[in-house]
Amino acid sequence: MIGGDANFRFGQAVSVNGYVVKSFSSLPETDTKNLAARAGFKYEDRTYSLRLSYLDIQENFTNEMGFVPRTGIRKFTGSPGYYWRPRSLQSWLRSMNPHIYMEYILDPQGKTDTRLVMYHYSFWFQNGSFVEPGVEQKLENVPYEFTISNAHNIKVPAGLYKSTEYLFMG
C-alpha cells in the first residue's frame, strides 16, 4: 500500500484536507480500481459553519492495516449550520445552532445505496449545558436478500428501506 495525505489551514476559519491510497495485490484481476481517496473542506466562524467531503473507495481496494466498511462506493457529505446569539437572551442562552447533515453513498453504477439527512437545532446555555431536538431521515437500499441469523432463519429481503427518527439530546 502507498499513499499520501495533506491538511491545510487558511486563517482561523478554513481548512482543506485529503488523502489518496493505492493498494496492491498479487492477483492480476485486482490490479485496477484499487484506490481510496478523500477530500474535505471546512469553514467555521462565529456565525456560519460549512463542512463538505467526498470519499471514493474503489471496488478492489484492500486495506490490510485498518477497517474499510464498504468498497465500491462514493460518499458525499455536507453540513451547513448557523450560530445565532440573541442579545435579548444572553443572560441564560449562549447560542442557538440550526444545522443539517446530509450523507449520500452511491454504488459503482451511481445508484443511491444509503441516504441520511439529519435536521438538528442545538441550544447552548451559559452554564455549559445544551439540548438538541432533531429529526433523522434514513434510506437504505438492500440489493439482495441476506440472512441475519441462521439459527432462527431470519432473513432481510431485498428492497428499499426508509425510516424517520425523532430525537432529543441533552
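Please treat every number below as a calculation from the coordinates, not as lab data. Fair warning: this is a prediction, and the values are worked out from it, not measured in the lab. Here the Cβ positions follow ideal geometry from the backbone for every residue, glycine too, while neighbour counts run over all protein chains shown.
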Q) If you keep only loop residues by DSSP, which GluC sites (Glu not before Pro) in the stretch 82-160 have at most 12 other Cβ atoms within 10 Å of their Cβ? A) Glu145
Q. Using unit Cβ charges (K, R positive; D, E negative) and no other charged atoms, how large, in debye to the nearest 20, is the dipole of the chain about its Cα centre?
A. 660
Q) How much length is gained if the chain between Asp107 and Leu89 is pulled fully straight, taking 0.36 nm per residue apart and subtracting their Cα-Cα distance, in nm to one decimal? A) 1.8 nm
Q. Taking the structure as given and computing Cα Rg over 2.2 N^0.38 Å, which label from [x] 1.33; [y] 0.95; [z] 1.02 fits?
A. [x]
Q. Given springs between every Cα pair under 10 Å in a Gaussian network model of the chain, which of Lys33, Lys75, Lys155 has the largest fluctuation?
A. Lys155
Q.
Quick check: the distance between the Cα centres of the stretch 43-86 and the stretch 99-169, to the nearest angstrom?
A. 15
Q.
Can you give me the distance in nm between label points at Glu136 and Tyr121, each placed 7 Å from the Cα along the Cα-to-Cβ direction?
A. 1.9
